[in-house]
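Everything on this sheet refers to the single structure shown next.
The values are calculated or read from the model by the stated rules, or taken from the named source; none is laboratory data. Nothing here was measured: the structure is a model prediction, and the numbers come from that model. Cβ sites come from the backbone with ideal geometry, for glycine too, and all protein chains shown count toward neighbours. SASA here: full protein model, heavy atoms, side chains in, ligands and nucleic acids out. Shrake-Rupley method; radii C 1.70, N 1.55, O 1.52, S 1.80 Å.
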Amino acid sequence: MPVEYDPKAFTPFRTAIYMATARYFFGTLFFFQNRLEFSGRENIPPGSCVFVSNHLSNWDPPMVSLAVDRPVSYLAKKELYSDKFFRNMVMAYGAISIDREKPEKSTFKAVKEMLAKGWCLGMFIEGTRSKTPGILGQPQMGPAYFAKSNKLPLVPVGITGSHIKYGKVVMKIGKPIQPEGSLEEISWKVMDALSELTGFQLPPQDPQRAVSLPVR
């Protein structure tokens, strides 16, 4: 399946719409519904970067975009694109599809195109929503791969409370992590940072986990 995304989403006009939606629509919604608090914007470096978060709720992507106040393109698993409404909505806001089992080369080209427009990449290092709140899931190597291949810093964003309906949500932005070392080493640096930001327990390290992304 070829990559699905809308190149026009990264134009200055559409970027302005994206930011206005994050700040005013989602900002109002989350501040009243979730008493959203965030801190650490001063840690975000200038230019593009890879925002990496833990994952508790379907609301996490717009919450991250609001907290970091940057245009962020998220990688969305291809299975989600089977729903036409969801597909059109996320593509309108810059999402890029990815085959998590075998990423297409066109996905990596789309990411480079998006970054060249001044956007940031957003990824959830656990790959899916956490099954056990309070304990981080096993890290996927995708964030480290994209950061290293594009020479971008990773910025951890710790999320707590977003899985609780109408619950208070706290988001903490950590200091940037340079993509130095192996993909596994980089990934665990991010996990350590997310554990510190959220207070969540780290998962056990699995030496059998793959440390590279197959690209077809």
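For region 96-145, the tally of Lys pairs with Cα-Cα distances below 27 Å comes to 5, considering only residues 8 or more apart or on different chains. Accessible surface computed residue by residue for region 1-133, with neighbouring protein chains in place and a 1.4 Å probe, gives 50 Å² per residue. In region 1-129, Cα pairs under 8 Å separated by at least six residues give a relative contact order of 42 percent. Largest GNM mean-square fluctuation among 179, 153, 133, using the chain with Cα springs under 10 Å: 133. Residues of region 172-203 with an amide N closer than 20 Å to a point placed 7 Å from the Cα of residue 39 along the Cα-to-Cβ direction: 172-177, 192-201. Packing around the peptides 7-18, 183-194, taken as the average count of other Cβ atoms within 10 Å per residue, puts them in this order, highest first: 183-194, 7-18.
Among 138-145, 112-119, 82-89, sorting by the average number of other beta carbon atoms lying within 10 angstrom of each residue, highest first, gives 138-145, 112-119, 82-89. Here the chain has an Rg and Dmax of 16.1, 46 Å, counting Cα atoms alone.
Solvent-accessible area of the chain (1.4 angstrom probe, protein heavy atoms only): carbon and sulfur portion equals 57 percent.
Mind checking which lysines have their C-alpha under 20 Å from residue 189, skipping anything on the same chain fewer than 8 residues away? Candidates past the 8-residue exclusion: 148, 151, 172, 175. Remark on residue 36: its backbone amide H falls under 5 Å from those of 31, 169, a criterion applied only to residues 5 or more positions apart or on other chains, H modelled at 1.01 Å from N. Scalar couplings 3J(HN,Hα) for region 178-188, obtained by applying the Karplus form with A = 6.51, B = -1.76, C = 1.60 to θ = phi - 60°, are 6, x, 10, x, 6, 4, 5, 4, 4, 4, 6 Hz; x denotes Gly and Pro.
Structural descriptor for region 88-193: relative contact order 19 percent, calculated from alpha carbon pairs under 8 angstrom and at least 6 residues apart. A Förster radius of 22 Å, combined with the Cβ-Cβ distance separating residue 180 from residue 112, puts the computed FRET efficiency at roughly 0.60. Could you please report the charge total around residue 5, scoring K, R as +1 and D, E as -1 over all other residues with beta-carbon less than 15 angstrom from its beta-carbon? Computed value for this residue: +4.
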